[in-house]
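Quick notes on the structure that follows.
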Amino acid sequence: MADRSPAPDTPELRQRWGGFAFTPANKAEADRAIARYPQGRQRSAIMPLLFIAQRQVGEELGTAGWLPLPVIEYVARYLDMPVVRALEVATFYFMYNLQPMGRHHVQVCGTTPCMLRGSDALFETCYRRGMKKGQVSADGLWSLTEVECMGNCATAPMAQIDDDNYEDLTPERLDAILDALAAGQRPKTGTQEPGRHTSEPAGGPTTLTAMVDANHDYRSEW
Amino acid sequence: MPTVTVDGQQVDVPDGATVLQACELAGKEIPRFCYHERLSIAGNCRMCLVEVKPGPPKPQASCALPATEGQEIRTDSLMVKTAREGVMEFLLINHPLDCPICDQGGECDLQDQAMFYGRGASRYHENKRAVSEKYMGPLIKTVMTRCIHCTRCVRFSEEIAGVDEIGAVGRGESMEITTYLEQAVRHEMSANVIDLCPVGALTSRPYAFEARPWELRKTLSIDVSDAVGANIRLDSRGREVMRALPRVNDEVNEEWLSDKGRYQVDGLMHRRLDRVWVRKEGRLQPASWEQAFAAIAAADPRGSIAAVAGDLVDCETMFAARRLLRALGSDLLEGRQTGLVYDTSSLAAVAFNSSLSGIEHADAILIVGSHVRWEAPLVQSRLRKAWKRGARIFIIGPHWDTTYPAEFLGEDAAVLHDLPDAVGDVFTAAQRPAIIVGAAGLAKGALHPALALAQDWTLVRDGWNGFNVLHMAASRMGGLLLGFAQAGGIRAVAEERPRVLLSLGADEMDYKPFAGSLKVYVGHHGDRGAHAADIILPAASYAEKDGTFVNTEGRVQTAEAAVFPPGDARADWTIMRALADVLGVDVGFDSFAELREAMIAEVPALSSPGLIDLGELPRGDGSARAAGVISYPIADFYLTNAICRASPTMQRCSAELLGNADMLEAAE
């Protein structure tokens with residue numbers, strides 16, 4: 001599991017992020033999120049706002065986003081709520097990164113279905129590139145996190161890299177994706193199995209076979 | 001009113017009650033950690049599991065389950081027993097076995113409930129988790145490894161104190177209770193989380209490793225740090241008061257206590273006056289009682305003696321002084337040391353008539369010149385409750401950090417005559433409007449204008465009296481009852497140029513106008529009054545004598561002596577009695593019982609504990625004008641009286657929480 005404590009509150013951190021403010025586009029998006037809730041309940045919008053702020057930090061740094069303490073404070077001020085309440089949310093959800101990130105955030109699923117389908121080998125692949133769980137690799141390219149089930153068990157094993165899922169991975173396929181990302185390309189997202197489109201049964205359907213070509217009323221057979 | 005069956009016993013429970021409350025009504029004890037009567041329901045400790053039919057066939061958390069008609073509740077079934085054992089086992093998985101070095105030992109909910117409801121032994125052999133230390137300020141000591149995440153402290157600071165400072169960061173096993181960036185908790189009731197904490201995670205820092213609960217003698221007392229008169233228990237060992245804890249009294253302090261009331265007690269061991277001093281050749285020098293008494297007699301106090309009562313004295317002390325003065329043919333009694341002058345012809349006009357528990361039902365409140373948060377933190381928590389119930393709160397005076405939304409109307413007391421129409425509309429429409437006049441308001445002459453407003457807004461109506469004066473001194477109401485008020489205030493006393501000034505622990509007054517008087521200080525701390533005195537007679541503090549106190553709402557309460565006064569110090573009334581002998585007058589009592597009897601004969605209101613009937617609220621003098629920029633009398637919440645100024649804990653609080661470090665150096 002990643003280190004879930006916030007990056008230390010140093011003068012350098014304060015200097016770099018003390019002046020943080022939403023860009024006009026993000027501000028508009030934040031205000032849209034706030035407007036979803038009744039007046040006086042603006043703090044309900046804490047999650048979208050933290051995420052917008054995290055994305056903006058990532059854009060400013062050219063890395064995956066994360067939340068320095070002054071940015072959390074900015075969001076809390078923006079919503080007129082106690083900072084500790086914002087910090088509670090930021091530390092609770094894994095989608096908020098509390099430490100500086102590499103350019104790409106590699107989140108490999110290690111839950112049972114993925115593990116049975118070979119996620120250990122995916123981690124080995126990552127380690128060989130200098131990644132360590134919860135740390136930024138020396139080249140600044142990667143942050144590796146082991147995550148729990150991402151809901152892609154039918155196409156296990158999988159990894160979520162930045163905002164995209166890459167499924168049906170093997171060490172070679174993951175290597176190819178990471179190479180492409182390192183080269184600044186955008187590899188194909190979703191399943192990497194040739195001939196497979198999404199999460200349809202590999203090797204053809206085994207159930208409801210009568211429905212493959214046309215709709216079929218099974219009710220009379222129950 | 002639903003009827004439920006608890007262990008075969010039928011009970012009627014009020015609407016909206018929970019299953020836990022139903023069980024308590026039936027006399028069943030339900031173990032709990034997170035549930036607390038005065039906090040919101042969290043339902044996260046799972047210790048209160050019971051079996052409820054109808055419902056899913058599994059144990060249910062009784063604290064968060066509403067009691068409904070026809071429920072069958074079992075608290076004694078095998079399912080409940082194993083459920084409690086299971087929960088207890090989980091709670092103890094990560095709880096260290098450090099009870100022998102834990103300050104909570106002996107008064108720990110977890111310890112007690114593990115004994116009653118836990119399994120005999122642990123089956124857990126893996127490593128326990130450890131949590132790094134969290135700093136929470138000079139009052140709260142934390143050992144967060146012991147925390148069981150009941151979140152009572154989080155809920156207290158959010159709901160009661162109104163200062164969101166404590167939170168639970170992280171999740172699951174890595175959840176930790178902390179303040180933001182481990183800053184000190186900054187509010188006036190912060191130490192109540194120590195009482196709330198069911199385990200030893202939050203303990204008292206000044207009291208750390210000082211004593212065990214079973215070595216302490218417990219004495220019922222009254223807090224003197226403000227005029228609320230919080231009910232406290234003084235825990236003493238030998239001659240030392242080790243700590244003060246709040247007692248439950250829903251009418252006064254619920255079960256909270258301000259940090260000052262709780263932690264000023266270590267000042268009782270510092271800078272005490274424990275011998276007689278007489279000023280000779282400009283310097284205070286040790287002397288005997290006889291020498292001091294002879295010096296007083298030599299000044300010929302007959303007919304020319306004044307008494308000024310300090311903020312911490314009890315009614316008995318003031319009555320003894322009054323008897324002595326009357327016997328000497330003088331009536332120069334005054335208690336309002338700082339020079340306040342207000343009309344005391346009717347005590348109903350200077351009392352907190354709504355009562356402390358009543359003010360939380362007010363729906364519109366106007367505060368005139370009171371920094372309530374510092375002058376009476378316990379009233380502040382009531383006002384916050386009123387706001388939660390929908391009250392609108394307006395304040396006249398300089399801005400201070402309220403813990404509820406309040407509208408500041410202006411700094412000048414004259415605003416009282418020129419209130420915005422919107423404010424007037426709120427009060428005329430209100431069901432239970434209230435005015436609270438503070439000391440700073442009284443100083444600017446706001447009493448009569450406020451009384452006039454009380455007329456306009458009909459503050460007194462069926463079952464409701466919304467006119468309140470919030471005093472700051474524990475002795476004030478008692479002093480007013482005993483006639484410690486001159487029409488001209490303390491200035492009039494000085495103008496009489498008494499040959500002898502009897503100062504009953506008066507530390508906040510200006511002694512310069514009394515330059516020609518022999519200043520006799522009867523008190524317990526070497527503070528401002530003692531510095532100015534010519535003769536110092538060492539007396540007992542509130543912890544060392546029996547006494548009667550009347551709080552700002554006119555509630556008579558009695559305190560008992562917890563320890564003996566140090567050295568030569570004596571209970572104040574015995575000093576008056578001895579002085580009477582030396583001066584050749586009769587005060588009419590020879591024992592404390594006789595003194596109390598004489599006091600009750602003269603002021604029958606003091607006879608029994610409870611609220612005094614102060615009579616009708618008088619009409620305000622419509623021509624009186626309030627004017628002047630209000631300035632609050634308290635500059636430093638933690639250093640308001642002689643005891644807390646001597647207390648190392650209060651000095652540390654002042655330095656650290658209010659940033660008055662220079663004051664700390666001056667005090668050392």
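The values are calculated or read from the model by the stated rules, or taken from the named source; none is laboratory data. This one's a predicted model, so the numbers in the text were calculated from it and none came from an experiment. Because the Cβ atoms are built from the backbone with ideal geometry, glycine has one as well, and the counts that use them run over all protein chains shown.
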- Of the residues in the stretch A:50-68 that are within 19 Å of A:Leu144 (Cα to Cα) and small (Gly, Ala, Ser), the one that is farthest from the other protein chains (Cβ to nearest Cβ) is A:Gly62
- Item | Whichever residue in the stretch B:276-311 is of a type outside the set (A, V, I, L, M, F, W, C) and in a helix (DSSP H, G or I) and, among such residues, is surrounded by the most Cβ atoms within 10 Å (Cβ to Cβ) | B:Gln291
- Any chance B:Arg247 is touching a residue at least 24 places away in the same chain (Cβ under 8 Å), over 12 Å from B:Ser541 (Cβ atoms), surrounded by 24 or more Cβ atoms within 10 Å (Cβ to Cβ) and under 13 Å from the mean Cα position of the chain (by Cα): no
- Task: Would you mention how many residues in the stretch B:569-604 are within 17 Å of B:Met477 (Cβ to Cβ) and out of contact with any Asp or Glu (no Cβ under 8 Å at 6 or more places or on another chain)?
- Result: 4
- Would you tally the residues in the stretch A:1-38 being without any contact (Cβ under 8 Å) to a residue 60 or more places away in the chain and within 14 Å of chain B (Cβ to nearest Cβ)? 5
- Could you figure out which of (1) surrounded by fewer than 18 Cβ atoms within 10 Å (Cβ to Cβ); (2) modelled with pLDDT under 95 isn't true of B:Leu416? (1)
- Task: For residues that are more than 17 Å from A:Arg41 (Cα to Cα) and in contact with an Asp or Glu (Cβ under 9 Å, 6 or more places away or on another chain), scanning just the stretch A:69-83, find the one that is nearest to the other protein chains (Cβ to nearest Cβ).
- Result: A:Leu69
- Query: Any idea which residue in the stretch B:501-522 is surrounded by the fewest Cβ atoms within 10 Å (Cβ to Cβ), counting only those that are touching a helix residue (DSSP H, G or I) at 6+ places or on another chain (Cβ under 6 Å) and of a type in the set (Gly, Ala, Ser)?
  - Reply: B:Ser503
- Item | Residue tally, condition touching a strand residue (DSSP E or B) at 6+ places or on another chain (Cβ under 8 Å) and without any contact (Cβ under 8 Å) to a residue 40 or more places away in the chain, over the stretch A:174-185 | 1
- in a loop (DSSP other than H, G, I, E, B), among the β-branched types (Val, Ile, Thr) and crowded, with 21+ Cβ neighbours inside 10 Å: does that describe B:Val252? yes
- What residue, of B:Ala450, B:Ala434, is surrounded by 24 or more Cβ atoms within 10 Å (Cβ to Cβ), touching a strand residue (DSSP E or B) at 6+ places or on another chain (Cβ under 6 Å) and assigned to a helix (DSSP H, G or I)? B:Ala450
- If A:Ser143 satisfies every condition in (1) within 30 Å of B:Tyr180 (Cβ to Cβ); (2) away from chain B (no Cβ under 14 Å); (3) free of Cβ contacts under 8 Å to residues at least 60 places away in the same chain but one, which is the exception? (3)
- Taking A:Thr191 as the residue in question, decide whether it is without any contact (Cβ under 8 Å) to a residue 40 or more places away in the chain and of a type outside the set (D, E, K, R). yes
- Query: Are any of the residues in the stretch B:561-572 among the acidic types (Asp, Glu) and in a loop (DSSP other than H, G, I, E, B)?
  - Reply: yes
- Task: Mind listing whichever residues of the stretch B:141-195 are within 11 Å of another protein chain (Cβ to nearest Cβ), of a type outside the set (Lys, Arg) and more than 25 Å from B:Glu254 (Cβ to Cβ)?
- Result: B:Val169, B:Gly170, B:Gly172, B:Glu173, B:Ser174, B:Met175, B:Glu176, B:Thr178, B:Tyr180, B:Leu181, B:Glu182, B:Gln183
- Selection status of B:Ala201, more than 14 Å from chain A (Cβ to nearest Cβ), buried (at least 23 other Cβ atoms within 10 Å of the Cβ) and within 18 Å of the chain's Cα centre (by Cα): no
- Note on the structure: Of the conditions (1) buried (at least 24 other Cβ atoms within 10 Å of the Cβ); (2) assigned to a strand (DSSP E or B), the single one that B:Ala321 does not satisfy is (2)
- Item | Which numbered condition B:Trp457 fails, given (1) touching a strand residue (DSSP E or B) at 6+ places or on another chain (Cβ under 8 Å); (2) touching a residue at least 40 places away in the same chain (Cβ under 8 Å); (3) more than 26 Å from B:Met318 (Cα to Cα) | (2)
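Conditions tested, residue by residue: (1) closer than 19 Å to B:Gly43 by Cβ; (2) charged (D, E, K, R); (3) surrounded by fewer than 20 Cβ atoms within 10 Å (Cβ to Cβ).
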position	(1), (2), (3)
B:Ala83	yes, no, no
B:Phe90	yes, no, yes
B:Tyr124	no, no, yes
B:Asn127	no, no, yes
- Query: Within the stretch A:84-120, how many residues are touching a strand residue (DSSP E or B) at 6+ places or on another chain (Cβ under 9 Å) and away from chain B (no Cβ under 13 Å)?
  - Reply: 17
- Residue check, B:Asp112 against (1) away from chain A (no Cβ under 14 Å); (2) under 29 Å from B:Arg389 (Cβ atoms); (3) free of Cβ contacts under 8 Å to residues at least 24 places away in the same chain, all met but one. Which one? (2)
- Query: Hey, A:Tyr78 hits all of (1) more than 19 Å from B:Ala168 (Cβ to Cβ); (2) in contact (Cβ under 8 Å) with a residue 40 or more places away in the chain; (3) under 19 Å from the mean Cα position of the chain (by Cα) but one; which does it fall short on?
  - Reply: (3)
- Note on the structure: Restricting attention to the stretch B:20-51, the residues that are over 20 Å from B:Arg152 (Cα atoms), aliphatic (A, V, I, L, M) and surrounded by 21 or more Cβ atoms within 10 Å (Cβ to Cβ) number exactly 2
- Task: For A:Thr63, work out the one condition from (1) surrounded by 20 or more Cβ atoms within 10 Å (Cβ to Cβ); (2) more than 19 Å from A:Asp164 (Cβ to Cβ) it doesn't fulfil.
- Result: (2)
